[in-house]
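Engineer: A single structure is presented below for examination.
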Amino acid sequence: MTITPTIPRLAALAVAAFFSFSPGAQALAQTPPAPAVSDDGCCWIDTKTGKQVRTVPLSGVNIGGLVDAGVAVIDSLEPKRAHNSRTGQNFFRQPDGCWIDTKTGKQVRTAPLSGVNIGGLAAAGVAIIDSFEPKRAHNSRTGQNFFRSPCPPPEKPKNTDGGKTGYVPARLELGLGYCYMHAADEPVKSLNGFTLSGIYPVNSWLAATGEFSGLYGSETRLFAGGDVKNSLDRYLYLFGPQVTLLPSGPVRVFGRLLAGGVHDVSEVSFRGGSTRFSANAFALALGASAEVPVAPRASVGVSFDYAPTHFTSPTGNNWQQNWRVGVGGKISF
């Protein structure tokens, strides 16, 4: 039995034959994948207004649609940071507008946001990227169309570690180290102990610093009537600004001026007894520190401070001249 093809079937066969053998179709099949984001730019523009819109980092390849784990939420307090709770990824927006994965330091894809979505993603907030033209995106709920383009250069780069290096400024730094203080005007001249510190960066060159130190020492003097032992426990609590003097390179250098208080606990032991007393006073620390990175989020360094104290005394000579040095490590968050 002979089957006569209908007109629609003949048309379908003709279209299939054209796409199977035409040079244009073969070239289309061999078209290479879309270039990397770094070649196309990271910024998105609303095609109607011509203005740049906010972007959000994507996790993995989300071209053609946004899966549940694809979109990160921007931090409401620090809009340059974003986090994906499902994948555990953290992102940071570079001065050039691109987003990087803070763990790998590599640039990731972005999607445009509609309206103000800082602190969370509304239902109409994220546009869908075109699967055939990755440079274009559309939000069906708001009717907006977007086009990806190179980002304009930042007006005032905050540091020399641009987006190419994957540098991520610290949100908070915690330090722990050894400290030695020379107290020239005290019966106990040499004090050894520890220092705990916390540093909160305000911007690329200024940070708020707070530290607590515990220092301890003792000296024994020989007298004809017996030995006399002097012990001194000193606790310092200081706060103030830290300025970045050398922000980049293998060594970073800082200067600081801290002010606060000191609490001394002194004890004098002699044959037949001892006496113990304490005092509080004003304290300063003026100095500098230098550190070198040993891991992406860790560094070690040294510090030197002129650290005078001001105790009240009947003689009126209230300032004590002290200096201290320290070594330790810091962890960034």
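The values are calculated or read from the model by the stated rules, or taken from the named source; none is laboratory data. All values reported here derive from a predicted model rather than from experimental measurement. Cβ atoms come from the backbone with ideal geometry, glycine included; neighbour counts cover every protein chain shown. Note: accessible area is taken over every heavy atom of the protein model, side chains too, but ligands, DNA and RNA are not part of it. Shrake-Rupley method; radii C 1.70, N 1.55, O 1.52, S 1.80 Å.
Engineer: Restricting attention to the stretch 179-215, which residues are β-branched (Val, Ile, Thr) and either outside any strand (DSSP E or B) or loosely packed, with under 15 Cβ neighbours inside 10 Å (or both)?
Structural biologist: Residues satisfying the conditions are Val188, Val202.
Engineer: Next up: Checking the structure you have, find out if any residue of the stretch 288-305 is out of contact with any strand residue (DSSP E or B) (no Cβ under 9 Å at 6 or more places or on another chain) and touching a residue at least 12 places away in the same chain (Cβ under 8 Å).
Structural biologist: Looking for residues that are out of contact with any strand residue (DSSP E or B) (no Cβ under 9 Å at 6 or more places or on another chain) and touching a residue at least 12 places away in the same chain (Cβ under 8 Å), one finds none in the stretch 288-305, hence no.
Engineer: Okay, next question. Tell me, please, whether a residue that is in contact with a Ser or Thr (Cβ under 7 Å, 6 or more places away or on another chain) and in a loop (DSSP other than H, G, I, E, B) can be found in the stretch 255-270.
Structural biologist: The answer is no, given that none of the residues of the stretch 255-270 is in contact with a Ser or Thr (Cβ under 7 Å, 6 or more places away or on another chain) and in a loop (DSSP other than H, G, I, E, B).
Engineer: Answer with yes or no whether Val67 is more than 28 Å from Asn203 (Cα to Cα), surrounded by fewer than 20 Cβ atoms within 10 Å (Cβ to Cβ) and at pLDDT below 70. Steps first, answer last, please.
Structural biologist: Numbers: more than 28 Å from Asn203 (Cα to Cα): yes; surrounded by fewer than 20 Cβ atoms within 10 Å (Cβ to Cβ): yes; at pLDDT below 70: yes.
So Val67 fits the description; yes.
Engineer: For the stretch 142-150, check the following and say yes or no: at least one residue is loosely packed, with under 15 Cβ neighbours inside 10 Å and either at pLDDT below 80 or under 24 Å from Asn203 (Cα atoms) (or both).
Structural biologist: Residues of the stretch 142-150 loosely packed, with under 15 Cβ neighbours inside 10 Å: 142-143, 149-150.
Checking the rest, the ones that are also either at pLDDT below 80 or under 24 Å from Asn203 (Cα atoms) (or both) come to none.
The answer is no; no qualifying residue exists.
Engineer: Sticking with this structure for a sec: Are any residues in the stretch 216-228 within 48 Å of the chain's Cα centre (by Cα) and surrounded by 15 or more Cβ atoms within 10 Å (Cβ to Cβ), and if so, which ones?
Structural biologist: Once the filter is applied, which keeps residues that are within 48 Å of the chain's Cα centre (by Cα) and surrounded by 15 or more Cβ atoms within 10 Å (Cβ to Cβ), the stretch 216-228 yields Tyr216, Gly217, Ser218.
Engineer: If Thr312 satisfies all but one of (1) open to solvent by 60 Å² or more (accessible area, probe 1.4 Å); (2) of a type in the set (S, T, N, Q); (3) free of Cβ contacts under 8 Å to residues at least 24 places away in the same chain, what's the number of the condition it fails?
Structural biologist: The failed condition is (3).
Engineer: Take Gly240 and decide whether it is assigned to a strand (DSSP E or B), out of contact with any Lys or Arg (no Cβ under 6 Å at 6 or more places or on another chain) and surrounded by 15 or more Cβ atoms within 10 Å (Cβ to Cβ).
Structural biologist: Answer is yes for this residue.
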